[in-house]
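Note sheet for the following structure.
The values are calculated or read from the model by the stated rules, or taken from the named source; none is laboratory data. Being a predicted model, the structure only gives us computed values, none of them experimental. No Cβ is skipped: glycine too gets one built from the backbone with ideal geometry, and neighbour counts run over all protein chains shown. Accessible surface is based on the protein model in full, side chains and every heavy atom, while ligands, DNA and RNA are left aside. Shrake-Rupley method; radii C 1.70, N 1.55, O 1.52, S 1.80 Å.
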Amino acid sequence: MSRSRSSLIPKRSLIQRVFSADVLAPLGVGLAFLLAWDLFVQITGLPPYLLPRPGLVLQTLFENWNELFSSLMVTLQITVIAFLAAAVSGLGISVLFTVNKWIERSLFPYAVILQTTPLVAIAPLIVIWLKDNTLGALVLCAWIAAFFPVVANTTLGLNSVDRNLTNLFKLYNTNPWQRLIYLRLPSALPYFLGGLRISGGLSLIGAVVAEFVAGTGGAKSGIAYQILIASYNLQIPKMFAALLLVTGLGILIFVGLSALSDALLKDWHESAVKQES
Amino acid sequence: MSSTVPPVRSTLKPAISLSNVTKAFSTGTVALQDVSLTIHEGEFLSLVGPSGCGKSTILSLIAGLSSPTQGDLTWQMPDARRNLAFVFQDSALLPWATVQENIRLPLKLAGISRSASEDRVAEAIELVGLQGFEKSFPRQLSGGMKMRVSIARAIVTQPKVLLMDEPFGALDEITRNKLNEDVMNLWHQKRWTIAFVTHNIYEAVYLSTRVAVMGVNPGRIVTELDIPEPYPRSETFRQSPIFGQYRYQLAEALALGMGATVPL
Ligand SMILES: Nc1ncnc2c1ncn2[C@@H]1O[C@H](COP(=O)(O)OP(=O)(O)O)[C@@H](O)[C@H]1O
Ligand SMILES: [Mg+2]
């Protein structure tokens, strides 16, 4: 039974997990791709200002590390603030939606509109309106990009409570507040976390897009500013290096949020249960 | 435990009565038509019938989860309505809570503090034999053990009336037999009033003081059968010729309820 089960099956060590197929397969594909890229540039003799060799990108990254990394931190700051705002407001909005159907009816369409309007199209407006507060403008743009998945997912979760459990809580004469705290919110947790996983990446994309739109103004400039400047100066290897950093950050955010989700759901939710064959 | 013969039904006090109850849904389905049924104090009443005959509907009417379209439902047993517990077929546990927390749930929702509920939870866990699994999560348990948790969660409220909707329908026979025995002993010891839904005739005869057989299209009560055999009942009872006779009578009534003219 459960107790003996967990102790009978040996836990996989860190080394085993690092060298598992889940890690090795994509790593192999990545290496093959880099090799092909390198060969391609060598054979065709493309100049570095069109397509730099992977080695050169890495070299540029190290040479400009301090500058690029501090820019990345600026972008990360915007991303994190927007993400946290999206998580909190998204949760709050979906709770409001489920508390009162009228609120959902009247506001949900606008959430959809905000989501489907291209961010690049409204970002300039926001930047102009908030021209004295660049950080605020950038955060607002990133938030617009990020909040919808949290709202949509969490609302779905709050409405997906098991019917028998709903009956059980009725039988216990619970008030709406108790049902929310002890039944609906826990039921919605996996959905909320799924929303966060999508939102994390979108916060970063939103931050980068907003930085692009905001352009070169402001003293503290993010990674998009670096990409922009590098492209003006035709410093293509530096562009690639900055791109590499953004991508790396995106992956880190995704992995981090997945780990958070697994940790919170490991005891009870199928999504976090490792399949054993 | 001393052996006792269940008292004759006419000497029992009525606890819950349905009189001429009809339940129709907006979809047009008539789940119950003109059903009259009395559940007596201390009785172990089983509802047997084909699926769709309205067994679950009767329980949800009694539980107050829905109300009759026509007819009346009356509670004659003082205080029983507030001391009612429900056991669902799929155990209906909170997947995010441990066994202990699941069992404590009704007390927590009633505003009883953790310290005040501790002993009651421990007692319920002991009664269903789940010691050692307090900290386990539902997905780590077998179907039979989940059902035990569900029963413990019902017991912990010290109910007077227990409604059970096909609680063991999804379990294998060995597990079901064991749980049947345990529930029967608990009922015998605690003097609950039980309404027990099943489609298993063996289970119904083995457990009940009385069985109501239902028919379908429309949902109705075909016949009621008393089973005045002594408790606690044992494997010997299950193997006895009289057990077979009860089973035969029920099977016949069931066939009647499904519109068949030839008895099985
Ligand atoms: N909420 C509902 N809405 C519409 N029809 C329902 C509802 N609940 C039950 N029914 C119908 O009522 C009939 C009896 O259902 P039920 O009491 O669940 O039967 P049983 O438990 O005996 O299998 C079935 O035909 C079922 O489809
Ligand atoms: Mg049913």
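Enumerate the pairs (first residue in segment B:183-201 and more than 16 Å from ligand 1 (Cβ to nearest atom); second residue anywhere and acidic (Asp, Glu)) with beta-carbon separation below 6 Å, excluding pairs fewer than 6 apart on the same chain, so at least 6 apart or on different chains.
If the second residue must be acidic (Asp, Glu), the pairs left are B:193/B:41; B:193/B:43.
Examine segment A:235-244 for a residue that is without any contact (Cβ under 8 Å) to a residue 60 or more places away in the chain and loosely packed, with under 15 Cβ neighbours inside 10 Å, and state whether such a residue exists.
No, segment A:235-244 contains no residue that is without any contact (Cβ under 8 Å) to a residue 60 or more places away in the chain and loosely packed, with under 15 Cβ neighbours inside 10 Å.
Test residue A:271 against the criterion of being at pLDDT below 95 and either among the aromatic types (Phe, Trp, Tyr) or open to solvent by 40 Å² or more (accessible area, probe 1.4 Å) (or both), and give yes or no.
Numbers: at pLDDT below 95: yes; either among the aromatic types (Phe, Trp, Tyr) or open to solvent by 40 Å² or more (accessible area, probe 1.4 Å) (or both): yes.
Taking the combined requirement at face value, the residue satisfies it.
Out of all the residues in segment B:202-241, which are in a helix (DSSP H, G or I), touching a residue at least 12 places away in the same chain (Cβ under 8 Å) and among the β-branched types (Val, Ile, Thr)?
First pass over segment B:202-241, keeping only residues in a helix (DSSP H, G or I): B:202-207, B:235-239, B:241.
Applying the additional criterion that residues be touching a residue at least 12 places away in the same chain (Cβ under 8 Å) yields B:202-207, B:237-238.
B:205, the sole residue that qualifies.
Name the single residue, out of those in segment B:180-204 being more than 16 Å from ligand 2 (Cβ to nearest atom) and charged (D, E, K, R), that is most open to solvent (accessible area, probe 1.4 Å).
Among residues in segment B:180-204 that are more than 16 Å from ligand 2 (Cβ to nearest atom) and charged (D, E, K, R), the one most open to solvent (accessible area, probe 1.4 Å) is B:191.
Return a yes/no flag: does segment B:160-169 have any residue that is surrounded by fewer than 18 Cβ atoms within 10 Å (Cβ to Cβ) and either touching a residue at least 24 places away in the same chain (Cβ under 8 Å) or among the aromatic types (Phe, Trp, Tyr) (or both).
Of the residues in segment B:160-169, the ones surrounded by fewer than 18 Cβ atoms within 10 Å (Cβ to Cβ) are B:169.
With either touching a residue at least 24 places away in the same chain (Cβ under 8 Å) or among the aromatic types (Phe, Trp, Tyr) (or both) added as a condition, the list becomes B:169.
Yes, there is a match, as at least one residue in segment B:160-169 is surrounded by fewer than 18 Cβ atoms within 10 Å (Cβ to Cβ) and either touching a residue at least 24 places away in the same chain (Cβ under 8 Å) or among the aromatic types (Phe, Trp, Tyr) (or both).
Among the listed residues B:25, B:88, which satisfies the condition of being of a type in the set (A, V, I, L, M, F, W, C), within 16 Å of ligand 2 (Cβ to nearest atom) and open to solvent by 60 Å² or more (accessible area, probe 1.4 Å)?
On the way: B:88 fails: open to solvent by 60 Å² or more (accessible area, probe 1.4 Å).
Answer to the selection: B:25.
Strands (runs of 3 or more DSSP E) wholly in segment B:14-123 with at least 1 residues that are hydrophobic (A, V, I, L, M, F, W, C), within 16 Å of ligand 1 (Cβ to nearest atom) and within 14 Å of another protein chain (Cβ to nearest Cβ) - which ones? Working first, answer last.
Details: elements: B:14-24, B:30-40, B:44-48, B:70-75, B:84-87.
Correct list: B:84-87.
Within the bounds of segment A:180-188, is there any residue that is farther than 19 Å from residue A:95 by Cβ, open to solvent by 30 Å² or more (accessible area, probe 1.4 Å) and either without any contact (Cβ under 8 Å) to a residue 12 or more places away in the chain or touching a Pro at 6+ places or on another chain (Cβ under 7 Å) (or both)? Spell out the reasoning first.
Applying the first criterion (farther than 19 Å from residue A:95 by Cβ) to segment A:180-188 yields none.
No, segment A:180-188 contains no residue that is farther than 19 Å from residue A:95 by Cβ, open to solvent by 30 Å² or more (accessible area, probe 1.4 Å) and either without any contact (Cβ under 8 Å) to a residue 12 or more places away in the chain or touching a Pro at 6+ places or on another chain (Cβ under 7 Å) (or both).
Restricting to segment B:40-66, and then to whatever is under 22 Å from residue B:216 (Cβ atoms), away from ligand 2 (no atom under 12 Å from the Cβ) and small (Gly, Ala, Ser), can you tell me which residue is least open to solvent (accessible area, probe 1.4 Å)?
Once the filter is applied, the top-ranked residue is B:46.
Could you check segment B:124-137 and list, in sequence order, the residues that are surrounded by 15 or more Cβ atoms within 10 Å (Cβ to Cβ) and either part of a helix (DSSP H, G or I) or more than 10 Å from chain A (Cβ to nearest Cβ) (or both)?
B:124, B:125, B:127, B:128, B:130, listed by residue number.
It is to be established whether one or more residues within segment A:189-200 are open to solvent by less than 30 Å² (accessible area, probe 1.4 Å) and within 14 Å of another protein chain (Cβ to nearest Cβ). Give the derivation first.
First, the residues of segment A:189-200 that are open to solvent by less than 30 Å² (accessible area, probe 1.4 Å): A:190, A:193-196, A:199-200.
Adding the requirement that they be within 14 Å of another protein chain (Cβ to nearest Cβ) leaves A:190, A:193.
So far as segment A:189-200 goes, yes, one or more of its residues are open to solvent by less than 30 Å² (accessible area, probe 1.4 Å) and within 14 Å of another protein chain (Cβ to nearest Cβ).
Among the residues of segment A:165-179, write down those that are within 9 Å of chain B (Cβ to nearest Cβ), open to solvent by less than 60 Å² (accessible area, probe 1.4 Å) and assigned to a helix (DSSP H, G or I).
Within segment A:165-179, the subset within 9 Å of chain B (Cβ to nearest Cβ) is A:165, A:167-174, A:178.
Imposing the further condition that a residue be open to solvent by less than 60 Å² (accessible area, probe 1.4 Å) reduces the set to A:165, A:167-169, A:171-172, A:174, A:178.
Within segment A:165-179, A:165, A:167, A:168, A:169, A:171, A:178 meet the criteria.
In this structure, does residue A:67 turn out to be at pLDDT 95 or above and of a type in the set (Asp, Glu)?
no
Test residue B:36 against the stated conditions and say whether it is more than 16 Å from ligand 2 (Cβ to nearest atom), open to solvent by 80 Å² or more (accessible area, probe 1.4 Å) and among the polar types (S, T, N, Q).
Values: more than 16 Å from ligand 2 (Cβ to nearest atom): yes; open to solvent by 80 Å² or more (accessible area, probe 1.4 Å): no; among the polar types (S, T, N, Q): yes.
No, not satisfied.
Looking at (1) touching a helix residue (DSSP H, G or I) at 6+ places or on another chain (Cβ under 7 Å); (2) more than 21 Å from residue A:249 (Cα to Cα), which is the one condition that is false for residue A:47?
Failing condition for residue A:47: (1).
Got a sec? Which of A:149, A:48, A:52 is touching a residue at least 12 places away in the same chain (Cβ under 8 Å), in a helix (DSSP H, G or I) and surrounded by 13 or more Cβ atoms within 10 Å (Cβ to Cβ)? Please lay out each step first, then the result.
Working: A:48 fails: in a helix (DSSP H, G or I); A:52 fails: in a helix (DSSP H, G or I).
So the residue among A:149, A:48, A:52 that is touching a residue at least 12 places away in the same chain (Cβ under 8 Å), in a helix (DSSP H, G or I) and surrounded by 13 or more Cβ atoms within 10 Å (Cβ to Cβ) is A:149.
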